[in-house]
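Supplied in structure tokens, the structure appears directly below.
The values are calculated or read from the model by the stated rules, or taken from the named source; none is laboratory data. Predicted, not measured: the structure shown is a model, and the values here were computed from it. Here Cβ is always computed from backbone atoms with ideal geometry, including for glycine, and neighbour counts include all displayed protein chains. The accessibility values were calculated without ligands, DNA or RNA, using every heavy atom of the protein model including side chains. Shrake-Rupley method; radii C 1.70, N 1.55, O 1.52, S 1.80 Å.
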Amino acid sequence: MLEEERRPDGKIERALTVFLTGAECPFTCSFCDLWQRTIDGPTPPGALISQLESVLQALDGPVPDRLKIYNASNFFDQRAVPSKDLLGIARLSASLAAVTVESHANTIGANTLAFARQISGRLEVAVGLETIHPVAATYLNKRLDLARFDRAARFLSENGLDLRVFVLLGAPYVPAEESVAWTVRTVEYAVERGASVVSIIPVRGGNGEMERLQGLGHFTPPTLSQLEESLDLSMQFTNTVVTADLWDIERLPACEHCRAERVERLRCTNAMGRAEPQISCSVCGAA
């Protein structure tokens, strides 16, 4: 997936996101559906290199500024990314100015620094903070407390590496009427700990567990309006790029009469870094 991304310095990067298939993440978070795109058992050595190589060879046009490697698991977990493959991945990304990988805060450490030294560009690590809501955070099955996240953020900062943070909108066990407020508070928490980029991700159903929690009254699917409000309120954090994740955006409950315009408004806000004018709708009454 090729797209343009805004960075904190205002530069617009051309980013190539590559979704690689490998071992499943051991942190079976309740909200996650990425396990559906993984394999049973460890990632075979060389498999990720082969996948990445095939994508880069098929690439047409100028070299992107950034390579984002998402493997539906933890990049610094050797079961997911064999240590032998790190040098090969670094070699394949040699022509790019920046590389982003995803990993649980618990896996960030010596291997992170080793990979950062192997690549020629700047490393950014994407970490799921999800929510700082005290009740919800204990039920996500993520096995991450705020102190551990803080240590990971500090480790990256002290070693000159960038931090990208994922924040949930509609996390289970967060009351629907408080969902936007807790999302914005979590964005602020990430900003205060040096995040370069924060992505607000609406929780999706479809993994079975979210449907079970919804039946118990512990989860309410977030709406397009809530995503808009969360992003608008997060525009106050000027030193960090805050964006709304638009993956599967069509699944969010919304007025079908104005949905397309409002999604386009989110795209513009993501790109420009300022809240675009509100969309008025005579059908749903949105203003």
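Based on what the data block shows, is G206 touching a strand residue (DSSP E or B) at 6+ places or on another chain (Cβ under 8 Å) and at positive phi?
no
Count, please, the residues in segment 6-15 that happen to be out of contact with any Lys or Arg (no Cβ under 7 Å at 6 or more places or on another chain) and closer than 18 Å to V55 by Cβ.
The qualifying residues number 1.
Separate question: Which one is surrounded by the most Cβ atoms within 10 Å (Cβ to Cβ) among residues in segment 185-244 that are among the charged types (D, E, K, R) and more than 21 Å from N141 (Cα to Cα)?
Restricting to residues being among the charged types (D, E, K, R) and more than 21 Å from N141 (Cα to Cα), the top hit is E228.
Could I ask something else about it? Condition first: surrounded by fewer than 18 Cβ atoms within 10 Å (Cβ to Cβ) and within 20 Å of the chain's Cα centre (by Cα). Now tell me which residues in segment 69-81 satisfy that.
Y70
Would you say F76 is among the aromatic types (F, W, Y) and within 30 Å of T269 (Cβ to Cβ)?
no
Quick grid of which residues meet (1) over 27 Å from E130 (Cβ atoms); (2) at pLDDT below 95:
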site: T238; (1), (2): no, yes
site: V242; (1), (2): no, no
site: D245; (1), (2): no, no
site: D248; (1), (2): no, yes
site: R251; (1), (2): no, yes
site: H257; (1), (2): yes, yes
site: E264; (1), (2): yes, no
site: P277; (1), (2): yes, yes
site: A286; (1), (2): yes, yes
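Now for a separate question. What's the number of the only condition in (1) at pLDDT 95 or above; (2) touching a Phe, Trp or Tyr at 6+ places or on another chain (Cβ under 9 Å); (3) farther than 21 Å from M1 by Cβ that N207 fails to meet?
Going through the list (1) at pLDDT 95 or above; (2) touching a Phe, Trp or Tyr at 6+ places or on another chain (Cβ under 9 Å); (3) farther than 21 Å from M1 by Cβ, N207 breaks only (1).
I need the helices (runs of 4 or more DSSP H) fully contained in segment 82-155, keeping only those with at least 2 residues that are open to solvent by 10 Å² or more (accessible area, probe 1.4 Å), touching a strand residue (DSSP E or B) at 6+ places or on another chain (Cβ under 9 Å) and closer than 24 Å to A244 by Cα.
Output list is empty.
Considering only segment 11-44, how many residues are in contact with an Asp or Glu (Cβ under 6 Å, 6 or more places away or on another chain) and either at positive phi or open to solvent by 50 Å² or more (accessible area, probe 1.4 Å) (or both)?
3
How many residues does segment 2-59 contain that are in contact (Cβ under 8 Å) with a residue 40 or more places away in the chain and of a type in the set (K, R)?
Final tally of qualifying residues: 3.
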